[in-house]
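What follows is a single structure, written as C-alpha cells, with notes after it.
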Amino acid sequence: MPVITPLPHPVAFVGAGPGNADLLTLKAARLIAAADVVIHDRLVSADILGLAREGTQRVAAGKEGFGPSTPQAAINALITGHALAGARVVRLKGGDPVVFGRLDEEIEAVEAAGLPFEIVPGVTAASAAAAAIGQSLTKRGRNAALRFLTGHDMAGFAEHDWRALARPGEVAAIYMGKKSARFIQGRLLMHGADHATPVTVIENAARPDQRVIATTLGHLPADLETAALTGPALTFLGLAPRAAQARLSQTRQELA
Ligand code: SAH
C-alpha cells in the first residue's frame, strides 16, 4: 500500500493593509479566518487579528526599524515549522507584503523547505496616505513617475538618486522616514531642491488616530520634532494636502 502524505497547505503571505480592517481584501479576511496559525508583524492591528478563529495560534514576530525585533531566521523557522506540520499558515504583514516587507527572505525559506506559497496583496501605506490627503500619487503635467523610498536600510540611512528627486514636480513616498528626515532634507537641499517643496507626513494613515503634518522641505525636521510622532508615518515629498495651502501657511505663521 502506498503511503499517502497530505500535501501541505500553501503558506499565505497576506497584506493586512494600513491597519483598518475595512481595507483588507476579502481574500485576506477569508484566509485569516481559516488559519491555524497567524504570524503577524507589529503593524497589524487588533481588529484584524480579531478575525481569526478562537483556536488560532497568533504569533507576534515584530520588527522595528532601529528597535527590538524578532530575528529573520526565527521568523522563517516559525513559518516553515508550522507549515511542514500541516498547519494553515498565514504570514500577515502590514500594508502590501511586496513593499518593504522583507518578503523574499521568507519566500526563500519556504521554497527551501519545499513548501508552496501564495501572495495576497494589500493596500500599501502610500495608497492609504494619499487617500488621507485627497491627492493622487500621479498627475498629468506634474509627475509621470512615482518613487517608493525607504528612509533607512540595514546599513543605515539609505542613499538614493537625490539629484533626480530634487527636481521640481517629483513625487516620492518615503517609508520609514521619521528618523532619517534630517538626512533626507540635507541630501535634497544639497542637490538643489527648493526649501518650499511641499512635504506631508501622514501618521497612522487610515486609522482612527490618523494625523497629517503639512510642511515644507525646509521646515520638515523642526515640524516633525514638534509633532513628536509615535505611530508609523509615511512622508510624501512633493505632495501637499488638497486645498490646504492656506492651512499650511497659517501653520507656518503659528510656528514662526
Ligand atoms: N509593507 C508595508 C510597509 C512596511 S515598512 C506597506 O506596504 O505599507 C513600515 C513603514 O510603512 C512604516 O515605517 C511607515 O513608513 C509605513 N506605514 C505602514 N503603515 C502605515 C500607516 N498606517 N500609516 C502611515 N505609514 C505607515
Selection status of Ala52, open to solvent by less than 20 Å² (accessible area, probe 1.4 Å) and either over 29 Å from Val171 (Cβ atoms) or of a type in the set (Gly, Ala, Ser) (or both): yes
Members of the stretch 14-37 found to be within 11 Å of the ligand (Cβ to nearest atom) and not in a helix (DSSP H, G or I), listed by number: Gly15, Ala16, Gly17, Pro18, Gly19, Asn20
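Can you tell me which residues in the stretch 192-229 are small (Gly, Ala, Ser) and either more than 23 Å from the chain's Cα centre (by Cα) or open to solvent by 50 Å² or more (accessible area, probe 1.4 Å) (or both)?
Taking the stretch 192-229 first, the residues small (Gly, Ala, Ser) are 192-193, 196, 205-206, 214, 218, 222, 227-228.
Within the stretch 192-229, Gly192, Ala193, Ala196, Gly218, Ala222, Ala228 qualify.
The values are calculated or read from the model by the stated rules, or taken from the named source; none is laboratory data. Bear in mind the structure is a predicted one, so any value in this text is a computation, not a measurement. Don't worry about glycine lacking a Cβ; one is built from the backbone with ideal geometry, like all the others, and counts go over all protein chains shown. Remember, those area values only see protein heavy atoms, side chains included, never the ligands or the DNA or RNA. Shrake-Rupley method; radii C 1.70, N 1.55, O 1.52, S 1.80 Å.
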